[in-house]
Structure formats: structure tokens, C-alpha cells
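Data first, discussion second: the structure below is written as C-alpha cells.
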Amino acid sequence: AARVGIFSQALYACGARRSTENLDSYASRLAGFRAEMQQRYPAMQILDCYNIDRDRAVNAQTVQQALRAHPDMNLVYVVNPADYEICTLLRAADPGRRLRIITNDLCGSQIRMVEDGTIAATICQEPEKQGALPLTLLYRYLAYGRLPVQEDCYTKLSIHIAQNLL
């Protein structure tokens with residue numbers, strides 16, 4: 001069964017010892033992850049949550065502490081990092097490659113990490129649409145007085161692995 005470590009910049013909803021800014025996306029992603037775990041993978045367990053700092057040395061120490069505290073950790077979910085260097089630090093601390101790393105979104109640095117196996121999978125949710133659609137809706141309202149047709153707009157989720165990149 002998966003034994004999960006959560007790494008993120010915003011750790012207020014996971015019982016972490018250290019908190020940073022309150023990010024709704026972190027809370028939503030973690031809640032969705034937990035709900036899916038409980039419903040479909042009840043043997044999975046979240047071991048602990050770890051804050052991603054802006055300081056690389058602090059992050060390297062955090063990774064070492066996490067792996068010492070939980071030698072059975074075999075999955076890491078990187079929720080909201082400032083950048084994805086934490087994945088490189090995790091991989092360096094795990095030369096046997098027993099850890100699988102899951103992330104969100106797909107930016108330039110992640111593509112290389114998915115290709116070389118540092119990141120096992122990344123969950124995408126049409127970031128271009130998420131960025132453009134609100135502006136389009138706002139423009140239509142301000143310029144033409146048109147309200148959105150629907151109250152909620154959903155994006156499609158996709159999971160990218162090395163074999164299906166772009």
C-alpha cells in the first residue's frame with residue numbers, strides 16, 4: 001500500500017507543524033486526494049506533511065528528515081511548490097528510486113522531470129483555459145453586459161506520464 005508524504009508551500013490543513021500562507025488550491029487538492037484515497041484506496045496512508053521553503057538548504061534538510069522519519073514512504077505528492085526543485089532533492093535523496101513522485105500541472109521544468117522519471121505522473125487541469133476563460137467572461141460582461149451562460153465552468157483533468165507527454 002502507498003505510504004504518502006505530502007510536500008507543499010501551504011500546509012495549514014494537514015496537521016503540519018509549520019504553516020505558511022493559506023492557499024485554497026492546496027486545501028482543495030489535498031481534500032480531493034484524501035477523498036479519493038478513502039473511497040478507492042483505503043489502504044493508502046498519509047504519513048506526514050512537509051513545508052517547501054524558499055531556501056534550498058532548508059528543503060534538503062526537510063527531505064532528509066522526512067525520509068529518516070518515514071523510511072517506508074514510497075509515494076510523494078507535491079501539491080503546490082514554488083518550483084519543482086523539491087522533486088530533484090527527493091530524487092537525489094532516494095538513489096534506489098523507490099519513491100514515486102506525483103505533481104500537479106505541467107510546466108517547462110516538469111516536462112524534463114517526467115521524461116527522465118523523476119516525476120512519475122502529473123495531474124493537469126487545462127491551465128490555459130483556467131487563465132483565459134475568466135478574462136473572456138469578464139470582458140464579455142464589461143464590454144457587452146453578457147453574463148456567463150453557466151455559473152460553474154469545469155476543466156478536464158488529464159494525467160501525464162513519460163509515455164504520453166504532449
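Worth a mention:
- Checking the range 72-90 against the condition returns a match, with at least one residue being open to solvent by 60 Å² or more (accessible area, probe 1.4 Å), touching a residue at least 60 places away in the same chain (Cβ under 8 Å) and either of a type outside the set (A, V, I, L, M, F, W, C) or under 24 Å from Met44 (Cβ atoms) (or both).
- Wholly enclosed helices (runs of 4 or more DSSP H) of the range 80-156 bearing at least 1 residues touching a strand residue (DSSP E or B) at 6+ places or on another chain (Cβ under 7 Å) and at pLDDT 85 or above: 85-92, 108-115
- Answer from Thr122, Thr118, Thr103 - the residue that is at negative phi, of a type in the set (Ser, Thr, Tyr), without any contact (Cβ under 8 Å) to a residue 60 or more places away in the chain and in contact with an Asp or Glu (Cβ under 7 Å, 6 or more places away or on another chain): Thr122
- Failed item, numbered, when Glu21 is tested on (1) at pLDDT below 90; (2) surrounded by 12 or more Cβ atoms within 10 Å (Cβ to Cβ); (3) not in a helix (DSSP H, G or I): (2)
- Screening Gln65 on (1) touching a Leu at 6+ places or on another chain (Cβ under 9 Å); (2) open to solvent by 50 Å² or more (accessible area, probe 1.4 Å); (3) in a helix (DSSP H, G or I) shows it passes everything except condition (1).
Residue-by-condition table, conditions (1) touching a Pro at 6+ places or on another chain (Cβ under 8 Å); (2) within 19 Å of Ala2 (Cα to Cα):
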site	(1), (2)
Tyr41	no, yes
Ile52	yes, no
Ala82	no, no
Leu90	no, yes
Gly117	no, yes
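- Verdict on Gln150 being surrounded by 10 or more Cβ atoms within 10 Å (Cβ to Cβ) and either within 19 Å of the chain's Cα centre (by Cα) or of a type outside the set (Gly, Ala, Ser) (or both): no
The values are calculated or read from the model by the stated rules, or taken from the named source; none is laboratory data. Please read all numbers here as calculations on a predicted model, not as lab measurements. Heads up, the Cβs are rebuilt from the backbone with ideal geometry, glycines too, and the neighbour counts pull from every protein chain shown. We work out accessible area using only protein heavy atoms, side chains counted, and drop any ligands, DNA or RNA first. Shrake-Rupley method; radii C 1.70, N 1.55, O 1.52, S 1.80 Å.
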